Amino acid sequence: MNRTLAALALVLVAVGLTTACAPRSSEVEDRVVKSVSAGSTIPVADLISDDDAKRFTIVCPYELPTDVAVRLGVSAKDLPDLSKRDDAQALVAVTADGVEATAFPRNRVDLCSATGGWPAYSRGDTATVSVTRNDDDVYVVTRAS
């Protein structure tokens with residue numbers, strides 16, 4: 001019995017450490033909101049905080065993980081499936097450690113109001129995005145043409 005409890009405690013600690021290291025949805029959303037509130041035009045690289053990100057993209061509602069996988073050159077199993085949802089978006093970064101994907105709601109910042117998927121960007125990309133605020137006080141981010 002004591003071994004079982006000790007093993008269970010060890011597993012719970014390990015899960016807690018793993019969870020503590022992974023960014024939570026609200027943390028990523030708060031960081032993105034802070035970035036987009038900085039101006040009417042911002043560098044697209046400001047959307048990603050991970051300095052180790054080799055490339056990144058935004059996954060929008062109804063996108064298939066296989067399409068995003070091709071765009072990023074990763075396995076679809078590592079990506080969020082938003083193919084049947086319209087209430088969420090995800091920020092996906094490819095790092096030396098693998099794929100970091102965080103989905104978050106579109107009710108504070110909407111990265112997916114424009115049609116068509118986001119391309120894959122490199123960390124040093126100089127592309128910009130436009131930021132406006134709609135009547136519902138949501139930051140609407142669109143890719144610059």
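Output yes when any residue across segment 37-48 is without any contact (Cβ under 8 Å) to a residue 60 or more places away in the chain, among the acidic types (Asp, Glu), under 21 Å from Arg85 (Cα atoms) and surrounded by 14 or more Cβ atoms within 10 Å (Cβ to Cβ), and no when none is. No, every residue in segment 37-48 fails to be without any contact (Cβ under 8 Å) to a residue 60 or more places away in the chain, among the acidic types (Asp, Glu), under 21 Å from Arg85 (Cα atoms) and surrounded by 14 or more Cβ atoms within 10 Å (Cβ to Cβ). Here Ala69 meets each of (1) surrounded by 15 or more Cβ atoms within 10 Å (Cβ to Cβ); (2) free of Cβ contacts under 8 Å to residues at least 24 places away in the same chain; (3) assigned to a loop (DSSP other than H, G, I, E, B) with one exception, condition (3).
Among the residues making up segment 76-107, those that are of a type outside the set (D, E, K, R), more than 14 Å from Ala120 (Cβ to Cβ) and touching a helix residue (DSSP H, G or I) at 6+ places or on another chain (Cβ under 6 Å) are Ala76, Thr102, Phe104. Residue check: Val99 meets all listed conditions (1) among the hydrophobic types (A, V, I, L, M, F, W, C); (2) out of contact with any Phe, Trp or Tyr (no Cβ under 9 Å at 6 or more places or on another chain); (3) part of a loop (DSSP other than H, G, I, E, B) but one, namely (3).
Would you call Tyr121 at positive phi and in contact (Cβ under 8 Å) with a residue 24 or more places away in the chain?
Values: at positive phi: no; in contact (Cβ under 8 Å) with a residue 24 or more places away in the chain: yes.
Against the criterion (at positive phi and in contact (Cβ under 8 Å) with a residue 24 or more places away in the chain), Tyr121 does not qualify.
Results for (1) assigned to a strand (DSSP E or B); (2) surrounded by 19 or more Cβ atoms within 10 Å (Cβ to Cβ); (3) among the charged types (D, E, K, R); (4) out of contact with any Leu (no Cβ under 9 Å at 6 or more places or on another chain), shown as yes or no for each residue.
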| site | (1), (2), (3), (4) |
| --- | --- |
| Asp52 | no, no, yes, yes |
| Thr57 | yes, yes, no, no |
| Lys77 | no, no, yes, yes |
| Asp81 | no, no, yes, no |
| Ala114 | no, no, no, yes |
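Let me spell it out: the conditions are (1) part of a helix (DSSP H, G or I); (2) within 14 Å of Val141 (Cβ to Cβ); (3) touching a helix residue (DSSP H, G or I) at 6+ places or on another chain (Cβ under 7 Å), and Ile42 meets all of them except one. Which number is the exception? Just one mismatch for Ile42, condition (1). Whether a residue is over 17 Å from the mean Cα position of the chain (by Cα) and either outside any strand (DSSP E or B) or without any contact (Cβ under 8 Å) to a residue 12 or more places away in the chain (or both) was assessed, and Asp135 passes this test.
Each reported figure results from applying straightforward, stated rules to the coordinates on display, with no laboratory input. This is a predicted model, so every value here is computed, not measured. Note that each Cβ is placed from the backbone with ideal geometry, even for glycine, and that neighbours are counted across all protein chains shown.
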